[in-house]
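Here is the structure we will look at, set down as structure tokens.
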Amino acid sequence: MNRFTSLVTVVATVFGTLTSLPVAAQPRGRSQANGPSAAAPAPADDDDEGDGPEAKAVATFKLDDIIKVAVRLSPDLARAVTSREAAQQDVAAAGADQAFHLTANANVEIDALGADTPSDAIAPLTPLSTQKITGTLGLGRKLPTGGQIGVEVGVVAQHQELNVTGEVLDQAQMQQPQCGDNADVFCQVQAHASASFKQPLLKGLGSDVALAGEHKAEVAAAKATVTAQLAAEQLILDLVTAYWELANASYEVDVRAQSLDLARKQEQLTRQEIRAGTSEGNSLDSVTYEIAVREEALLTAKLQFEQKSLDLRRKAGLEIGRRDIVVRPADPLELDAQDWNVDQVLAQSHKINRQLASITLDKKSADIEVDVTHNATLPQVDLSLQLALLATGDTAGDAFDALGGNSNGGGFGYQVMAGLSMSFELSGAAKAAHAAALARRHLLDIQRVDKEREIDAQVVQSTKEVMSDRTRVALADKAIAIAEDNLKAERGKFLAQRSSNFQVMQVQTKLIDARLRRGQAVAAYRSAVAKLQFLSGTLLDTYRIRPRVRATTGE
């Protein structure tokens with residue numbers, strides 16, 4: 001009897017060490033690669049079979065590494081970032097309206113009477129032929145007030161052959177400057193310098209209207225940036241959720257494998273009891289049944305694990321053709337120490353949530369449109385001013401000398417013009433356009449209020465999920481501890497012939513279920529935290545992601 005008691009004590013001690021699984025089971029047969037850029041993963045252990053029916057090897061990845069690869073490879077994010085670059089270039093292009101414009105113009109005009117025109121039909125001093133060459137050079141720009149300014153310098157050179165008769169020859173010589181020796185050929189060069197200013201006084205007045213295109217382009221560029229950031233946030237949220245779902249699937253494979261190992265150990269112990277004559281032959285039935293059930297559960301868990309691995313590969317943009325190499329998370333399936341306050345998250349979401357920021361930018365664009373359409377309902381009243389200096393001379397040099405103030409160069413004069421023009425719209429189309437712009441802006445106000453309510457509800461729900469999942473993990477830890485104690489006690493009873501395999505299998509199942517519930521709660525907690533970071537607008541900062549693209553490389 002003492003020998004039997006000693007044997008029972010030794011067996012109980014050995015199997016007592018097998019009842020406790022780690023809270024987060026360590027992956028088996030994984031590669032020691034540190035990330036996506038590491039070398040090919042090492043083959044799995046022979047008994048592990050790559051953790052799946054098709055898998056032959058596993059590769060470990062950290063969440064940060066997967067996110068960096070996905071951000072670099074994501075086509076959706078690449079499109080959003082490229083659109084942002086295009087919008088930023090549109091801002092530069094929109095400023096062309098306010099740039100200085102240099103203009104140049106040259107014209108040659110020749111007029112002549114036909115050679116067969118009767119001489120008696122031509123009045124004295126009538127031009128028989130005229131050659132006129134005009135050249136101008138100007139510089140001007142639009143003003144932020146809606147007006148325009150410009151300066152122009154030009155020259156007009158005119159060469160005329162007149163119908164001069166003997167009676168009027170002396171008079172013609174007195175009236176026209178003569179070119180060369182021919183008394184009937186006359187030349188004149190006129191130079192001018194002018195400055196002009198035009199300013200709308202009602203319709204079109206002010207930078208809100210004059211720079212509306214530039215302001216809209218700036219808002220569009222800001223929205224394109226927000227859109228790129230939102231695409232990155234959505235990508236990261238999907239990756240984080242998929243990563244922790246994969247981590248839970250990997251954890252479940254480990255738990256299922258170790259639960260099967262526990263059942264097989266119990267089978268060995270029972271066979272020893274049967275050989276010793278202390279147990280009946282049919283006592284193996286419940287263990288055999290449980291082994292079959294757990295083998296099926298392990299196979300299902302492996303299939304689910306491989307499916308989650310492929311899903312993460314697809315979302316991250318990794319190769320999905322090699323199904324025999326599965327991805328396994330390197331980060332431990334555990335809680336973090338971060339605390340979440342509902343009021344703080346709500347305040348952050350109203351301030352920096354990019355969904356709300358996108359609506360806010362749309363409203364800024366709508367405000368610009370409201371200002372422009374309101375201004376279009378006003379009468380058109382334009383003030384124009386022009387000052388011109390005129391000078392004439394026999395040659396271009398003489399004309400420009402006179403224009404510069406040299407009285408010996410030629411004739412000099414000036415011209416001042418001022419004008420006021422008005423026009424009124426009678427159709428009412430401008431008022432209709434303004435009313436439509438107001439309606440669109442009001443629609444955006446409604447959309448923001450609705451989105452704020454939606455985000456508030458999601459923040460409250462996600463915060464409750466975080467707190468609930470923390471509580472679930474704590475309760476699961478207690479359940480695991482109690483189940484481990486119960487399993488030790490039940491095994492002791494079995495060895496003392498006071499319990500059956502059926503009861504031992506039930507207690508083992510409860511322990512396994514508690515461990516699985518803990519893994520599910522941790523994965524749900526991690527996903528809920530990522531959702532809160534997404535809603536509060538801090539997800540990009542958490543993973544230090546700054547979406548950008550290089551024009552030369554397309555990166």
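Each residue of the stretch 252-266 was assigned a 3J(HN,Hα) from its phi angle through the Karplus expression (A = 6.51, B = -1.76, C = 1.60, θ = phi - 60°), giving 5, 4, 5, 5, 5, 5, 6, 5, 5, 5, 4, 5, 5, 5, 5 Hz with x at Gly and Pro.
Looking at the stretch 464-531, the accessible area is 46 square angstrom per residue; that uses a 1.4 Å probe and ignores ligands, DNA and RNA. Normalising the average separation of contacting C-alpha pairs (under 8 angstrom, six or more residues apart) by the number of residues puts the relative contact order of the stretch 367-496 at 23 percent.
Shown in residue order for the stretch 425-440 are the 3J(HN,Hα) couplings computed by the Karplus curve 6.51 cos²θ - 1.76 cosθ + 1.60 at θ = phi - 60°: 8, 10, 7, x, 5, 5, 5, 5, 5, 5, 5, 5, 5, 5, 5, 5 Hz (x for Gly and Pro). The H on the amide N of Ser500, modeled in the peptide plane, is under 5 Å from the matching H of no residue at least 5 residues off or on a different chain. In whole percent, how big is the carbon plus sulfur part of the accessible area of the stretch 404-555, probe 1.4 Å, protein atoms only? Exposed carbon and sulfur together represent 55 percent of the surface. Measuring against 20 Å, Cα to Cα, the residue pairs Lys488/Lys510; Lys308/Lys510; Lys68/Lys315; Lys142/Lys363; Lys451/Lys531 contain Lys308/Lys510; Lys142/Lys363 as the ones spanning a longer distance. Shown for the stretch 287-393: the carbon plus sulfur share of the solvent-accessible area, taken with all protein chains present and a 1.4 angstrom probe, equals 55%. Our estimate of slack between Ala93 and Val151, defined as 0.36 nm per intervening residue step minus the Cα-Cα distance, is 18.4 nm. Of the GluC sites (Glu not before Pro) found in the stretch 267-313, those that fall in a DSSP loop while having at most 15 other beta-carbon atoms within 10 Å are Glu280. Straightening the chain between Ser384 and Lys132 buys 87.8 nm, computed as 0.36 nm per residue apart minus the Cα-Cα spacing.
Remark: relative contact order (the stretch 237-307) = 47 percent; criterion is Cα-Cα distance under 8 angstrom and separation of 6 or more residues.
Annotation for Val416 and Gln497: the two label points, set 7 Å from Cα along the Cα-Cβ direction, are 13.1 nm apart.
Model label sites at Asp477 and Asp111, defined 7 Å from Cα along the beta-carbon direction, differ in position by 10.3 nm.
Taking amide H positions as modeled 1.01 Å from N, with prolines and chain starts lacking one, the residues under 5 Å from Leu201 and 5 or more places away or on another chain are Val381, Asp382, Leu383. If you sort Arg515, Arg314 by accessible surface, 1.4 Å probe, largest first, the order is Arg314, Arg515. Scalar couplings 3J(HN,Hα) for the stretch 336-343, obtained by applying the Karplus form with A = 6.51, B = -1.76, C = 1.60 to θ = phi - 60°, are 9, 9, 6, 9, 10, 10, 4, 4 Hz; x denotes Gly and Pro. Extension gain, Asn406-Leu426: 0.36 nm per intervening residue step, less the Cα-Cα distance, totals 1.9 nm.
The values are calculated or read from the model by the stated rules, or taken from the named source; none is laboratory data. No experiment lies behind these values; they were computed from the predicted model shown. Here Cβ is always computed from backbone atoms with ideal geometry, including for glycine, and neighbour counts include all displayed protein chains. To get the accessible areas, we keep the full protein, side chains included, count just its heavy atoms, and leave off ligands, DNA and RNA. Shrake-Rupley method; radii C 1.70, N 1.55, O 1.52, S 1.80 Å.
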